[in-house]
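Quick notes on the structure that follows.
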Amino acid sequence: MDKFSIEGPCRIKGKVKISGSKNSSLPILAATLLFDQPVTIRNLPKVKDIDTMLSLLKSLGSKIILSKDKRVAKIHNKNKIKTFASYSLVKTMRGSILVLGPLIAKYHKSKISLPGGCLIGARPINYHLDALKKLGMNYVLKDGYILAKSKGKLNGNVLRFPKISVGATENSIIAACLAKGTTILKNCAVEPEIKDLTNFLNLAGAKITWSGRKCKIIGVESLNKTEYSVMPDRIEAGTFCVAATVARGNLEILDFDAKIIKTELNLLKKFGAKIKIKNKKIFIKGPENIKPIKNIKTKEYPGVSTDMQSQLMIIMCLANGKGSIIENIFENRFMHVAELRRLGAKISINRNEAVIEGNTKFIGAELMSSDLRASVSLVLAAMVSKGRSTINRIYHLDRGYESIENKLKKIGVRIRRQKNG
Ligand code: EPZ
């Protein structure tokens with residue numbers, strides 16, 4: 001298993017190009033199962049989760065031609081599509097559950113493994129199943145699989161999500177595209193990645209409109225041949241802005257629409273970062289001294305993203321005062337705290353609140369990655385630690401950050417990947 005070796009502390013300076021969004025690519029790729037016509041998806045990030053989704057689509061029978069640089073996928077469902085998604089594939093990437101909606105909508109049946117939980121939480125899919133049931137899907141759970149089918153086409157319906165869920169919103173919108181009649185989804189998640197998905201589907205002839213957290217989908221017969229370029233990854237962009245904030249950096253984020261991380265950028269300004277936004281670029285200068293922020297709460301978009309929580313915690317460790325973070329989305333998303341303590345952080349946890357002492361002098365150490373975003377927070381902390389840090393099991397990072405070590409090296413971080421078996 002590969003590891004990173006990082007020599008700190010370092011200052012960062014330069015320009016970063018943000019890759020395509022992992023969390024937009026996954027639902028868009030899943031939605032290609034709705035198509036009979038060829039569909040081309042561009043600007044895919046070169047990360048493990050996309051490889052997994054493409055392998056899953058291929059296992060279902062999609063014909064996929066991938067460009068040499070792996071950023072463009074030409075997909076054509078001309079062979080007979082199978083509707084079985086195995087545990088071996090689904091267990092490595094929970095986002096695989098997003099193929100359930102399109103398979104039921106288009107092929108009216110699917111046997112798909114229950115995704116199971118992960119380190120950050122149990123990750124149930126009850127809202128997905130309840131919503132699809134309201135659209136006409138029947139299912140039983142057997143031997144860890146969902147055996148689902150519908151009597152022909154799904155039927156449009158009006159439904160309200162009991163809690164805001166990104167994945168359940170995506171699965172339901174995709175399924176409703178080919179349903180008979182109109183579907184109204186209430187209390188939807190409205191993350192930018194979901195709007196990217198609906199922009200893609202509308203470009204292909206779907207009839208989806210939004211009003212706040214309400215989404216209306218008028219079912220259509222079929223979707224047309226389409227080409228679409230995935231939006232840039234807002235969590236990657238936010239992560240690099242945090243890097244500039246902790247490492248007294250001077251960074252330019254290229255080709256990125258800052259308004260989709262406005263909430264997080266406002267926090268960075270409160271920490272003392274100087275931020276200028278000009279023609280789709282973010283210019284960010286990290287402060288010499290980081291001001292404390294009393295408390296930060298993660299919330300569904302447009303609130304502070306849970307996927308930025310562990311990164312923001314690094315800033316709070318370095319701030320000259322105490323602060324707390326409340327994690328409102330997942331039940332176990334403080335896996336990075338134990339590792340940060342090994343670097344010298346003083347953090348106490350009480351249920352879903354972490355209280356961070358601040359004024360930490362990080363000293364390099366041997367560290368263990370746990371989940372995607374926790375791992376990147378260890379990289380940020382190691383960058384500003386005194387001495388050498390080793391971060392093990394960086395396959396977690398490779399799932400969602402495209403060649404992060406090369407991007408960091410280019411802006412001055414002394415980081416090296418050690419290939420281990
Ligand atoms: C998506 O996960 C993202 N993943 C996550 O990013 C992100 O953290 C999350 O949304 C929240 O923004 C992808 O887009 C592939 P949810 P998802 O359904 O869809 C509970 C990353 O690091 N819930 O909005 O699984 C759930 O347990 C990943 O890139 C149910 O109880 O998130 C959680 O507590 C991590 N029942 C809350 O809702 C359900 O049926 C929000 O989950 C579904 C969800």
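The values are calculated or read from the model by the stated rules, or taken from the named source; none is laboratory data. Worth saying up front: this structure is predicted, and the values here are computed from it rather than measured. Cβ sites come from the backbone with ideal geometry, for glycine too, and all protein chains shown count toward neighbours. Calculation scope for accessible area: heavy atoms of the full protein, side chains included, ligands and nucleic acids excluded. Shrake-Rupley method; radii C 1.70, N 1.55, O 1.52, S 1.80 Å.
Relative to the first principal axis of the alpha-carbon coordinates of the chain, what is the inclination of helix 166-176, with its axis defined by its Cα atoms, in degrees from 0 to 90 and to the nearest 10?
For helix 166-176, the angle is close to 20 degrees.
So for 83, 32, 263, what's the accessible-area order with a 1.4 Å probe, most first?
Values: 83 20, 32 0, 263 45 Å².
Heavy-atom accessible area, descending, gives 263, 83, 32.
Quick one: Cα centre-to-centre distance for region 2-58 and region 132-204, in angstrom?
Computed from Cα coordinates, the inter-centre distance equals 23 Å.
Mind pulling the angle between the C-alpha long axis of helix 372-383 and the longest principal axis of the chain? Nearest 10 degrees, somewhere in 0 to 90.
20 degrees
Non-local amide H neighbours of residue 36 (under 5 Å, H modeled in plane, Pro and chain starts lacking H): which ones?
The list, which skips near neighbours in sequence, is 223.
May I ask you to evaluate 6.51 cos²θ - 1.76 cosθ + 1.60, the Karplus curve with θ = phi - 60°, for each residue of region 243-254 and list the ³J(HN,Hα) values in order in whole Hz, giving x for glycine and proline?
Coupling constants for region 243-254: 4, 5, 6, 7, 10, 6, x, 9, 10, 10, 9, 8 Hz.
Which value at 222 nm does the chain reach when only helices count, each DSSP H run of 4 or more adding -39,500 (n - 2.57), with the total divided by all residues and rounded to the nearest 500 deg cm²/dmol? Could the numbers behind the result be given before it?
Numbers: 14 runs with 130 residues, N = 421.
My calculation for the chain gives -9000 deg cm²/dmol from helical runs alone.
Can you give the Rg/Rh ratio of the chain, where Rg is from the C-alpha atoms and Rh is the Kirkwood radius?
Taking Rg over the Kirkwood Rh, I get 0.98.
Among 348, 192, 336, which residue has its Cα furthest toward the positive end of the charge dipole of the chain, with +1 on Lys/Arg Cβ and -1 on Asp/Glu Cβ?
192
Is the shape of region 235-362 best called rounded, prolate or oblate, per the rule: a/c under 1.5 gives rounded, else a/b larger than b/c gives prolate, else oblate, with a ≥ b ≥ c the square roots of the Cα gyration tensor eigenvalues?
On the way: a/c = 2.08, a/b = 1.39, b/c = 1.50.
Since a/c reaches 1.5 but b/c is at least a/b, the shape of region 235-362 is classed as oblate.
Using the per-residue mean of other Cβ atoms lying within 10 Å as a proxy for protection, in what order, highest first, do the peptides 188-194, 207-213, 297-303, 309-315 fall? The partial results should precede the final answer.
Numbers: 188-194: 21.4, 207-213: 13.3, 297-303: 16.4, 309-315: 27.4.
Most protected by this proxy first, the peptides run 309-315, 188-194, 297-303, 207-213.
Run down the aspartates and glutamates and flag those whose C-alpha is under 16 Å from the C-alpha of residue 280, throwing out any fewer than 8 positions away in its chain.
Output for residue 280: 233, 236, 252, 255, 257.
Run through every distinct alpha carbon pair of region 22-229 and return the Kirkwood hydrodynamic radius in angstroms, one decimal place.
Working: mean 1/r = 0.0601 Å⁻¹.
Over region 22-229, the inverse of the mean reciprocal pair distance is 16.6 Å.
Ordered by residue, what ³J(HN,Hα) values in Hz, to whole numbers, does region 20-34 give under the Karplus form 6.51 cos²θ - 1.76 cosθ + 1.60, where θ = phi - 60° and Gly and Pro are x?
x, 6, 4, 7, 9, 4, 4, x, 5, 5, 4, 5, 5, 5, 6
Within the accessible area of region 22-229, what % is carbon and sulfur when the probe is 1.4 Å and the other protein chains stay in place? All intermediate terms of the calculation are to be shown ahead of the outcome.
Numbers: 4520 of 8390 Å².
Within region 22-229, the accessible surface is 54 percent carbon and sulfur.
Order of 70-82, 232-244 by packing, highest average Cβ count within 10 Å first? Don't skip to the answer; put the middle values down first.
Values: 70-82: 15.9, 232-244: 25.9.
Those peptides, ordered most packed to least, come out 232-244, 70-82.
Describe numerically, in nm with one decimal, the distance between label points set 7 Å from Cα along Cα→Cβ at residue 78 and at residue 414.
Those two pseudo-labels are separated by 5.5 nm.
Below 8 Å between Cα atoms, with a sequence gap of 6+, how large is the relative contact order for region 22-229 in percent? Don't skip to the end; give the middle numbers.
On the way: 446 pairs, mean separation 43.5, N = 208.
Once normalised by length, the contact order is 21 percent.
When you count, for each residue, the other Cβ atoms within 10 Å and take the mean per peptide, how do 342-351, 2-11, 164-173 rank with the highest first?
Details: 342-351: 15.5, 2-11: 19.2, 164-173: 24.1.
Highest to lowest by the protection proxy: 164-173, 2-11, 342-351.
Can you work out ³J(HN,Hα) from phi for every residue in region 60-66, in order, using Karplus 6.51 cos²θ - 1.76 cosθ + 1.60 and θ = phi - 60°, giving whole Hz and x for Gly and Pro?
Going residue by residue, I get 8, x, 5, 8, 10, 10, 9 Hz, with x marking Gly and Pro.
Please state the relative contact order of the chain as a whole percent: Cα pairs under 8 Å, 6+ residues apart? Each step should come with its number before you reach the end.
Details: 1010 pairs, mean separation 90.7, N = 421.
So the answer I get is 22 percent.
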